[in-house]
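**Student:** Below is a structure I'd like to ask you about.
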Amino acid sequence: MCGIVGAVSTRNVVPMLIEGLSRLEYRGYDSSGIALVLNQANSPEFERVRVAGRVADLNAKTTNSTGQIGIAHTRWATHGAPNEANAHPHLGGNEIMVVHNGIIENFADIKNELIALGYTFTSETDTEVIAHLIAYQQTQTPTFLAAVQASIRQLHGAFAIGVLSLQNPTQVICARQGSPLVIGLGFQEFFFASDIAALLPLTQKMIYLEEGDIALLDYQKIQIWDNTGLAVIRQPRMLDVCADSAELGPYRHYMQKEIFEQPTAIANTINQALSQGFNPDQFGEQAQQILQQATAIRIIACGTSYHAGLVARYWIEAYTGMPVSVDIASEYRYSNGLEQRGTLIIAISQSGETADLLAAIRNAKERGEVKILALCNVAHSTLTREADLSILTQAGIEIGVASTKAFTTQLAALYVFAGCLAQARSSLSDEKLAELANWLPRLPAMISAALSQESEIEGWAQALSHHAHTLYLGRNTLFPIALEGALKLKEIAYIHAEGYAAGELKHGPLALVDENMPVIVCAANDALFEKLMSNLREVEARGGQIYLIAEPGCEAALPYVKSAIFLPLNTGPLAPIVFTIPLQLLAYHTAHRKGTDVDKPRNLAKSVTVE
Ligand code: F6R
């Protein structure tokens, strides 16, 4: 989604703003822009440069620009086409510049009022309304800050903004209400951005703004006010993330790099479980009590994170016998019904900023006495701050829009969680718990072994790249992995793909199967293999082209398949994590063959902070 960067410094801020924007490119965008205040001492004026294209184009157009205070933006179009006129920053009343993430729901009403007051609009965006509104409020209120505060009170929706004013040429204001914003502290220079990734080369000392905060930055200091207008102090934190984690290194794409980082990311995520086993205390002081007292589990998430939730349901039900439901956040937030007292809501999100998910957990709290457990990859995200309990995955920054290591680390963390829940509730014998825990140390090596089969997958990708449709099949925990494999292929290779529970085949999708339909099948060597064999026969009898990914022991399927790849090892209960690897590689290599923009697939954004 959109990205914001702002800076005030005694140095030229243009390279910082451009570098910051390029570090936000991964979030998805279609136009970009920058605004600076020039001649601060005499007659201040704005320099604004906007392009309907890449940050590289903006960079080329700003090589001669210099300024010490500025704001910049990458826009992902919501209101109006991705052209230069709609790109941010937007000018209000000739004296205000605004960049904005999010959506202003009541923009049409405010726009009509401002037009009646004589303001002229030059774009189709909701953002331009904010710029003119602040300009108008500057004529009604004593200070720049008061004008921004008064304007924000009128806005409905979720947003983060950065504002420049010619009347206050040495100041920049930023504010958040529903969309993330972080302030970076340098030496005699300050920055803000919608994502820490933009600021990592400049500083690791950050302040996370709280909901409703407004901050005023100048050359000397930062001042912050909360949503009641009270001056507040927010403590800075030193982050343990280095700028290099956002570098591509020897890889062709971030997605490829992130696929290969999975053995390490997973080892880091399960680190505590490796030393302590399934000890609920690893999730925090209250964890033991919350897990013991939970009456039911409801998992809420979107997209790939939702698929992780679907896998977790199988594990939790099998190990604890507790009822588990899994909901898509955008559906849950508008559904009805009360929550059973004591329900534990597990909110899964790699970013912790997904608008639908945040709305869903706030809604869940209104439906009953629930506890919220956040499973997230970002330590100080909105989600983790609003939850009672947090489990952090250790995937590191994920740049590729299509989630890979964030997903498998979610799965690894959920497996540990399911074990801890069983431990806390004494629902499994010590022997069974030890058996489940014993799989964990083997996981990073199993992932590495699956990665080593990349060249065989490349052969499949060549064949798949010529098809327009694909089916993915799996049973039990591999059913959600079929969904995830299909989602990855859709997202980055733009091939229509559907994931199905293999048992559903003859209830509809079998009608699609003929000699032109590739069918990717995940086969575990488990109690359901015989059932899956029947499904393979059904496909083969209709001429379907079966590509089988299987564990050792599934050789009986070979007569029915066009091609097979056998994982080197049996993967037991961790099968969904390991089977994900070949499906990620398949999507990646198919997309690469087709020449699509793997890391920034069309129409998609990394963090979906609007509804
Ligand atoms: C797909 C993908 C998305 C996200 C979804 C939720 O590859 O990444 O489907 O999983 O937008 O995002 P988070 O996990 O940040 O809430």
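**Student:** Write down the Kirkwood hydrodynamic radius of the chain, to one decimal in angstroms, obtained as one divided by the mean of 1/r over all alpha carbon pairs.
**Tutor:** For the chain, inverting the mean 1/r across all distinct Cα pairs yields 25.6 Å.
**Student:** Among residues other than Ala360 whose Cβ falls under 14 Å from its Cβ, what is the net charge (Lys/Arg +1, Asp/Glu -1)?
**Tutor:** -3
**Student:** Continuing with this model, one more query. Under unit Cβ charges (Lys, Arg +1; Asp, Glu -1), what dipole magnitude, rounded to 20 debye, does region 208-267 have relative to its Cα centre?
**Tutor:** Value, rounded to 20: 120 debye.
**Student:** For q values of 0.23 Å⁻¹, compute log₁₀ I(q)/I(0) with the Debye formula on a Cα-only model of region 425-467, without solvent.
**Tutor:** Summing over Cα pairs of region 425-467 leads to -0.80.
**Student:** Now for a separate question. Taking square-rooted eigenvalues a ≥ b ≥ c of the alpha carbon gyration tensor, is region 75-177 rounded, prolate or oblate, where a/c under 1.5 means rounded and, failing that, a/b exceeding b/c means prolate?
**Tutor:** Rounded, because the longest to shortest axis ratio a/c is under 1.5.
**Student:** Relative contact order of region 27-74, please, whole-number percent, based on alpha carbon pairs below 8 angstrom and at least 6 residues apart.
**Tutor:** 48
**Student:** Let me ask another. With helices defined as uninterrupted DSSP H runs, which ones in the chain have an alpha carbon span along their own long axis of at least 27 Å and mean Kyte-Doolittle hydropathy of at least 0.5?
**Tutor:** The answer, listed by residue number, is 405-425.
**Student:** From the helices alone, meaning DSSP H stretches of at least four residues, give me the mean residue ellipticity at 222 nm for the chain, per-run term -39500 (n - 2.57), in deg cm²/dmol to the nearest 500.
**Tutor:** -11000 deg cm²/dmol
**Student:** Taking a probe of 1.4 Å, how large is the accessible area per residue of the chain, in Å²?
**Tutor:** 37
**Student:** When the distances between all Cα atoms of region 538-611 are binned every 5 Å from zero, what whole-number percent does each bin get?
**Tutor:** For region 538-611, the binned pair fractions read 3, 12, 16, 16, 16, 15, 11, 7, 3, 1 percent.
**Student:** Cut-off 16 Å, label point 7 angstrom out along Cα-to-Cβ of Arg442: give me the residues of region 568-595 whose amide nitrogen falls inside.
**Tutor:** Hits in region 568-595 for Arg442 at 16 Å: 568-579.
**Student:** Quickly rank 570-580, 455-465, 227-237 as a protection proxy: mean count of other C-beta atoms within 10 Å, highest first.
**Tutor:** The most tightly packed comes first, giving 570-580, 455-465, 227-237.
**Student:** As a quick test, which of the pairs Lys205/Lys488; Lys488/Lys606; Lys257/Lys600; Lys506/Lys594; Lys432/Lys506 have an alpha carbon distance above 25 angstrom in this structure?
**Tutor:** In this structure, Lys205/Lys488; Lys506/Lys594; Lys432/Lys506 lie more than 25 Å apart at Cα.
**Student:** A follow-up question, please. Just want the answer: with Cβ charges of +1 for Lys and Arg and -1 for Asp and Glu, which residue in Thr409, Ile173, Pro509 is farthest toward the dipole's positive end in the chain?
**Tutor:** Most positive-ward Cα: Ile173.
**Student:** Based on the mean of other Cβ atoms within 10 Å per residue, sort peptides 170-176, 209-215, 473-479, 62-68 so the most packed one is first.
**Tutor:** Averaged packing, sorted descending, gives the order 473-479, 170-176, 209-215, 62-68.
**Student:** Remind me, relative contact order of the chain in percent, using alpha carbon pairs under 8 angstrom and six or more residues apart?
**Tutor:** It rounds to 12 percent for the chain.
**Student:** Packing-wise, with mean Cβ within 10 Å as the measure, how do 368-376, 216-224 rank, highest first?
**Tutor:** 368-376, 216-224
**Student:** In the chain, what percent of the accessible surface is made up of carbon and sulfur (1.4 Å probe, ligands and nucleic acids excluded)?
**Tutor:** Answer for the chain: carbon and sulfur cover 48 percent of the accessible area.
**Student:** Can you tell me the dipole magnitude for the chain around its Cα centre, using point charges on the Cβ only (Lys, Arg +1; Asp, Glu -1), in Debye to the nearest 20?
**Tutor:** It works out to roughly 140 debye.
**Student:** Obtain the radius of gyration and the Kirkwood radius of region 1-99 from its C-alpha atoms and give Rg over Rh.
**Tutor:** 0.95
**Student:** May I ask you to compute the full-extension gain from Leu230 to Ser534, defined as 0.36 nm times their residue separation minus their alpha-carbon distance, rounded to one decimal in nm?
**Tutor:** Using 0.36 nm per residue and subtracting the Cα-Cα distance, I get 102.7 nm.
**Student:** Projected onto the charge dipole of the chain (+1 at Lys/Arg Cβ, -1 at Asp/Glu Cβ, origin at the Cα centre), which of Asn12, Leu548, Leu558 gives the Cα projection farthest towards the positive end?
**Tutor:** Towards the positive end, the residue furthest out is Asn12.
The values are calculated or read from the model by the stated rules, or taken from the named source; none is laboratory data. Note that this is a predicted model, so its numbers are computed, not measured. Heads up, the Cβs are rebuilt from the backbone with ideal geometry, glycines too, and the neighbour counts pull from every protein chain shown. Each accessible area value is taken on the protein alone, full model and side chains, heavy atoms only, with ligands, DNA and RNA left out. Shrake-Rupley method; radii C 1.70, N 1.55, O 1.52, S 1.80 Å.
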